[in-house]
Amino acid sequence: MTDSDKRPLAVFDLDNTLADTAHRQRFLERRPRDWDAFFAAAPADPPLEEGVALVRHSAAECEVVYLTGRPERCRRDTLDWLAVHGLPEGRLHMRRNDDRRPARRTKVEVLRRLARDREIRAVVDDDELVCDDAERAGFRVVRARWAAPSADLTDAQEREGRT
């Protein structure tokens, strides 16, 4: 194991933590929700400066890991977005395309798996339910409250398992 392999992990969510989804919320306000349009618009997300500053600061001492509820089919767009905005390189954990479990379950599952081999210094996420469950599981959580809250996104994360 190299020294870089021993560094603690800093785990960051994407939507409304690093990426501002406000411009694409309208696709979740419709019934039925237009998930294809919602995810297709993700490459145009502006970065959230508070989250970007925190991930860059964390990269000085930690290995950065990105943990998102976005489906695997969005991987290329997501990696391109991270690169375009100059965010630190890091492993990207995404939801399987057919996984509709709540984000709080899927993310804590991944966190526990990561914690088997490495210290997780911090988990940064905007989803209060993810944060609550991660704290109950023993992780140090930073609640990303710098984006405008969206009831539709919260509902989607919890009940539809989409992001």
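Quick one: work out the % antiparallel among DSSP beta bridges in the chain, nearest 5. All intermediate terms of the calculation are to be shown ahead of the outcome.
On the way: 1 of 17 bridges.
Among the beta bridges of the chain, antiparallel pairing accounts for roughly 5 percent.
So if we plug the beta-carbon distance of E72 and R112 into 1/(1 + (r/R0)^6) with R0 = 22 Å, what FRET efficiency do we get, rounded to 0.05? Working shown, then result.
On the way: r = 20 Å, r/R0 = 0.91.
Calculated transfer efficiency: 0.65.
Could you give the dipole magnitude of the chain about its Cα centre, charging the beta-carbon of Lys and Arg +1 and that of Asp and Glu -1, in debye to the nearest 20?
Details: 31 positive and 33 negative charges, 103 e Å.
Dipole about the Cα centre, nearest 20: 500 debye.
Go through segment 17-33 residue by residue and turn each phi into a ³J(HN,Hα) via Karplus (6.51, -1.76, 1.60, θ = phi - 60°); whole Hz please, and just put x for glycine and proline.
10, 10, 10, 7, 8, 3, 5, 10, 4, 4, 6, 8, 7, 7, 10, x, 5
Counting residues in the chain as N, plug N into 2.2 N^0.38 Å and put the Cα Rg over that result.
Numbers: Rg = 14.9 Å, N = 163, 2.2 N^0.38 = 15.2 Å.
Rounded to two decimals, the normalised Rg is 0.97.
Using amide H atoms built 1.01 Å from N in the peptide plane, name the residues 5+ places from R70, or on other chains, whose amide H lies under 5 Å from its own.
Amide H to amide H, under 5 Å and 5 or more residues apart or across chains, R70 pairs with R95.
In what order do F38, F139, F12 fall by count of nearby beta-carbon atoms within 10 Å, going from fewest to most? Don't jump to the answer; show the numbers that get you there.
Details: F38 23, F139 19, F12 26.
Least to most surrounded, the residues fall as F139, F38, F12.
Return the sequence-ordered ³J(HN,Hα) values of segment 106-117 in whole Hz as given by the Karplus equation 6.51 cos²θ - 1.76 cosθ + 1.60 applied to θ = phi - 60°, using x for Gly and Pro.
Going residue by residue, I get 5, 6, 5, 4, 5, 4, 4, 5, 5, 6, 4, 10 Hz, with x marking Gly and Pro.
One quarter of the convex hull surface, Cα atoms only: what value does that give for segment 38-109 in nm²? Please report the intermediate quantities before stating the final value.
Working: hull surface 20.9 nm².
So the Cα hull casts an average projection of 5.2 nm².
Just so you know, all these numbers are worked out from the coordinates, no wet-lab data involved. Computed from a predicted structure; not experimentally measured. We place every Cβ from the backbone using ideal geometry, glycine too, and count neighbours over all the protein chains shown.
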